[in-house]
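Okay, so here's the structure we're looking at.
The values are calculated or read from the model by the stated rules, or taken from the named source; none is laboratory data. Remember, it's a predicted structure, so these values are computed and weren't measured experimentally. Cβ atoms come from the backbone with ideal geometry, glycine included; neighbour counts cover every protein chain shown. Accessible surface areas use protein heavy atoms only, side chains included; no ligands, DNA or RNA. Shrake-Rupley method; radii C 1.70, N 1.55, O 1.52, S 1.80 Å.
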Amino acid sequence: MSALPARSAFPPGFLFGLATSAYQIEGHGLGAAGPTHWDTFAATPGNVLHAENGARACEHYHLWAQDLDLVAAAGFDIYRFSTSWARVMPEGRGAVNAQGLDFYDRLVDGMLARGLKPALTLYHWELPAALADLGGWCNRDIAGWLADFAQVIARRLGDRIWSAAPINEPWCVSWLSHFLGLHAPGLRDIRAAARAMHHTGLAHGHAIASWRAEGMTNLGAVCNFEPAIPADPAPSSLFAAKRYDAIFNRFFIEGMLKGRYPEDALERLEAHLPRGWAEDMNGIAAPLDWLGVNYYTCKRIAAATGPWPAWQEIAGPGEKTAMGWEIRPEGLRDLLIGLARDYTGALPLLITENGIATADVTREGACDDSPRIAYHAAHLEACRAAIAAGVPLAGYIAWSALDNFEWAEGYSKRFGLVHVDFESLQRTPKASYHAFRQALER
Ligand code: GBH
């Protein structure tokens, strides 16, 4: 069994953390909060496995103190969390719900009291339904709406936040949700997708500007990456993989870090971008203090017949997780090295998510958690290799602290280092939790 590398195997000051997101753990039906487009999406049969939703989830809204205790007791430095927009502003704009803001205020104080650095994600996917009704991410006004939400959060929490990023995974918010239709709002429309892609960048830039104006520091972006490997040496596969890479891996960081979009994405998307998009690029490329990397897997891509984007995913040779995602730790090493070389240079990188789903199991003992330990061990070694190659990697945040609402998969897939019984709500640390605790004290 592969052991986790010890804290002392990393450079001094390297930070470890655990991540969660609001809709996945809080229980959106608890406390006062406005409806979100994830409630709507989950209520439509066929969108979420077993028609589950985030109404109760882990009841973190009530049980947050014991959850923070667990994160701190294992010796983690960072707790990455998100703020539910509809809990803070039930209509998405205008009136602020004092109860919602009080909750995050207590939560942040709770982190500080336990020696945890609060890493804030402003938006992790549950859009207030009132804003979805106005077109959501397809409406250019979302940039201003998100900036206003950012300001409300900054004024209440900004003095105690360690790091902040406006949007978790712009690719998921736009492409996955508006082109592939797999997440809320479940659209399958190239025009909607292109607009959402551009508007995530615009809203990101506006939120960063709003935070800077409020004096906040250590601001970044969190993107998901899946290295695209040509499934075979055919030139058509190479082209398809390059096209995949442009949409998935390069579109958002080229916007946010270089103020431009990749040519190979524009060739099809430009016709669907909002008029005057090029004038937005400076604002999208607002200077950042770090880039967050969410990494889970890689993709093997071949060409496909049919309309653009005309690619297909081929199963790779590596072992698969319960999500069916291929395990490929060397992909993380190469990704970090490539990002530093081509995009970020001396800008610190931070792993903001990395983790593995296992099948539904009951408690520690009933569950063999060694695949999770092996997964994190291998990816931490990949981080060490990248650091040895000169990459300025600042830390590693694992997904996730708790088993939680895994979006379209409902509660059937478990990413937690801590097991949650969704009936009794009891938390039980898994073997991986104990492995981290031991690694972090060494
Ligand atoms: C993260 O996104 C989310 O931030 C988090 O909320 C979520 O719980 C966690 O992942 C686990 O899913 O083409 O079907 O093989 C991860 C982004 C994008 C990673 C899609 C896997 C391949 C899906 N994901 N990707 S598939």
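What to note about this one:
- Taking the listed residues Ala439, Ala401, the one that is buried (at least 21 other Cβ atoms within 10 Å of the Cβ), more than 16 Å from the ligand (Cβ to nearest atom) and either at pLDDT 95 or above or hydroxyl-bearing (Ser, Thr, Tyr) (or both) is Ala439, with no other qualifying.
- Residue identified as of a type in the set (Phe, Trp, Tyr), within 16 Å of the ligand (Cβ to nearest atom) and more than 23 Å from the chain's Cα centre (by Cα) among Trp325, Trp311: Trp311
- Residue check for Pro170: touching a Leu at 6+ places or on another chain (Cβ under 8 Å), closer than 21 Å to Pro287 by Cα and of a type outside the set (Phe, Trp, Tyr): no
- Restricting segment 156-178 to residues that are within 12 Å of the ligand (Cβ to nearest atom) and aromatic (Phe, Trp, Tyr), the residue that is most open to solvent (accessible area, probe 1.4 Å) is Trp171.
- Some residue of segment 330-353 being over 30 Å from Arg260 (Cα atoms) and either buried (at least 17 other Cβ atoms within 10 Å of the Cβ) or among the aromatic types (Phe, Trp, Tyr) (or both): no
- Set Arg243, Arg250: member being in contact (Cβ under 8 Å) with a residue 60 or more places away in the chain, more than 14 Å from the ligand (Cβ to nearest atom), surrounded by 19 or more Cβ atoms within 10 Å (Cβ to Cβ) and among the charged types (D, E, K, R): Arg243
- Unique match (being open to solvent by less than 60 Å² (accessible area, probe 1.4 Å), in contact with an Asp or Glu (Cβ under 7 Å, 6 or more places away or on another chain) and among the β-branched types (Val, Ile, Thr)) among Thr20, Thr36: Thr36
- Neighbours by Cβ (under 6 Å, 6+ apart or cross-chain): first from segment 346-357, farther than 14 Å from Asn224 by Cβ and near the ligand (Cβ under 9 Å from one of its atoms); second open to solvent by less than 10 Å² (accessible area, probe 1.4 Å) and in a loop (DSSP other than H, G, I, E, B): Ala357/Phe415
- Residues of segment 278-301 that turn out to be buried (at least 20 other Cβ atoms within 10 Å of the Cβ) and over 30 Å from Arg333 (Cβ atoms), as a count: 1
- Meets criteria (in a loop (DSSP other than H, G, I, E, B) and within 12 Å of the ligand (Cβ to nearest atom)) for Phe422: no
- Subset of segment 76-89 [closer than 9 Å to Gly17 by Cα and assigned to a loop (DSSP other than H, G, I, E, B)]: Phe76, Asp77
- Answer from Ala431, Ala378 - the residue that is under 22 Å from Phe225 (Cβ atoms), away from the ligand (no atom under 16 Å from the Cβ) and either at pLDDT below 95 or open to solvent by 10 Å² or more (accessible area, probe 1.4 Å) (or both): Ala378
- Segment 396-416 residues that are assigned to a helix (DSSP H, G or I), paired with ones that are more than 11 Å from the ligand (Cβ to nearest atom) (beta carbon under 6 Å, 6 or more apart): Ala408/Val48; Glu409/Leu49
- Selection of segment 404-417 for residues being more than 8 Å from the ligand (Cβ to nearest atom), surrounded by fewer than 23 Cβ atoms within 10 Å (Cβ to Cβ) and at pLDDT 95 or above yields Ala408, Gly410, Tyr411.
- Segment 90-124 - residue that is open to solvent by less than 10 Å² (accessible area, probe 1.4 Å) and part of a loop (DSSP other than H, G, I, E, B) and, of those, farthest from Ala401 (Cα to Cα): Gly92
- Those residues of segment 39-68 which are of a type in the set (S, T, N, Q) and surrounded by 18 or more Cβ atoms within 10 Å (Cβ to Cβ), in sequence order: Thr40, Asn47, Asn53
- For segment 1-17, filtered to residues that are loosely packed, with under 15 Cβ neighbours inside 10 Å and assigned to a loop (DSSP other than H, G, I, E, B), the residue that is modelled with the lowest pLDDT is Met1.
- Condition check for Asp264: among the acidic types (Asp, Glu) and either out of contact with any His (no Cβ under 9 Å at 6 or more places or on another chain) or open to solvent by 40 Å² or more (accessible area, probe 1.4 Å) (or both): yes
- In the set (1) without any contact (Cβ under 8 Å) to a residue 24 or more places away in the chain; (2) buried (at least 16 other Cβ atoms within 10 Å of the Cβ); (3) closer than 27 Å to Gly416 by Cβ; (4) aliphatic (A, V, I, L, M), Ala315 fails one condition alone, (2).
So that you can scan it fast, the table gives a plain yes or no per residue for (1) part of a helix (DSSP H, G or I); (2) within 30 Å of Gly355 (Cβ to Cβ); (3) at pLDDT below 95:
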site	(1), (2), (3)
Met256	yes, yes, no
Leu266	yes, no, no
Glu270	yes, no, no
Pro287	no, yes, no
Ile301	no, yes, no
Glu313	no, yes, no
Pro317	no, yes, no
